[in-house]
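Encoded as structure tokens, the structure appears first; notes follow it.
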Amino acid sequence: MNNVRKIAAGATLIGALIGGGALTAMALPANAATTDTSTAASDGSSNMKETELTGDTATKVKDAVLAANAGATVNRMETEGDGGAAYEARITKADGSRATVKLDANFTITATETGGKGGRGGGNETELTGDTATKVKDAVLAANAGATVNRMETEGDGGAAYEAQITKADGTHATVKLDANFTITATETGGKGGRGGGNETELTGDTATKVKDAVLAANAGATVNRMETEGDGGAAYEAHITKADGTHATVKLDANFTITATEAGGKHGH
């Protein structure tokens, strides 16, 4: 009889626990841990995506970047999805070079990276500066009298150490490859050597001045990245610009330096 009473009492207790939700409460610690892990995973995945900045955050990032880079143009600002910094800004400096500026959550600059995705070269190529740039330029111009060096960068595709993209004296374009000793190993005609491509030739002298004056008169605060003859027919000249708001455009002009069209986007990016 004592066993019967004990079984009955146990059944009553179990029923009370189920009815009162005590078993659910007992299981909560395991479920809570599962919920926390799920939330952390969700947060981690969201941090992997870069999101363009807007509003007050964008203003604070822009102010900090321009305070440290006088005369620069901010092309894009976004959250930093690769860890470390909180924000990054991709800019065109006053000298025309590109960089990516990293900032922490307090809008303090933690690093400034030249080239990369902020720069025109993309991939693993980084724009050359300083003594290396001087040595590459000297070697290239010694072998290409009268040429204009449009861009110099590390060679990210293997083989050579450096490359220079040039416009030759005859208006044709080429990419010059050099080894680590600044010796030319190859010269490739056409291709990305001429940033405009086709039959376009970079403008210089009085023509360049007139094109630039006309373009800036119609686009206050813009930065002129490149000016060239128009090789696709129609207009006589074109200028690739970064507007004051950070957007890009290609401005077409006729032979009298009158603007005939302004195209958003396109091959603006140097």
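Throughout, read-outs are computed from the coordinates displayed, never taken from laboratory work. All of these numbers come straight from a predicted model, not from anything done at the bench. When we count neighbours, we look across all protein chains shown, and the Cβ atoms used for this are built from the backbone with ideal geometry, even at glycine.
Of the cross-linked pairs Lys135/Lys168; Lys137/Lys252; Lys62/Lys212; Lys102/Lys212, which ones have a Cα-Cα span greater than 29 Å in the structure shown? All intermediate terms of the calculation are to be shown ahead of the outcome.
Details: Lys135/Lys168 18 Å; Lys137/Lys252 31 Å; Lys62/Lys212 26 Å; Lys102/Lys212 32 Å.
With Cα atoms farther than 29 Å apart: Lys137/Lys252; Lys102/Lys212.
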Please work out the FRET efficiency for the pair Asn256 and Ala220, using the Cβ-Cβ distance as r and a Förster radius of 25 Å; give the result to the nearest 0.05.
0.70
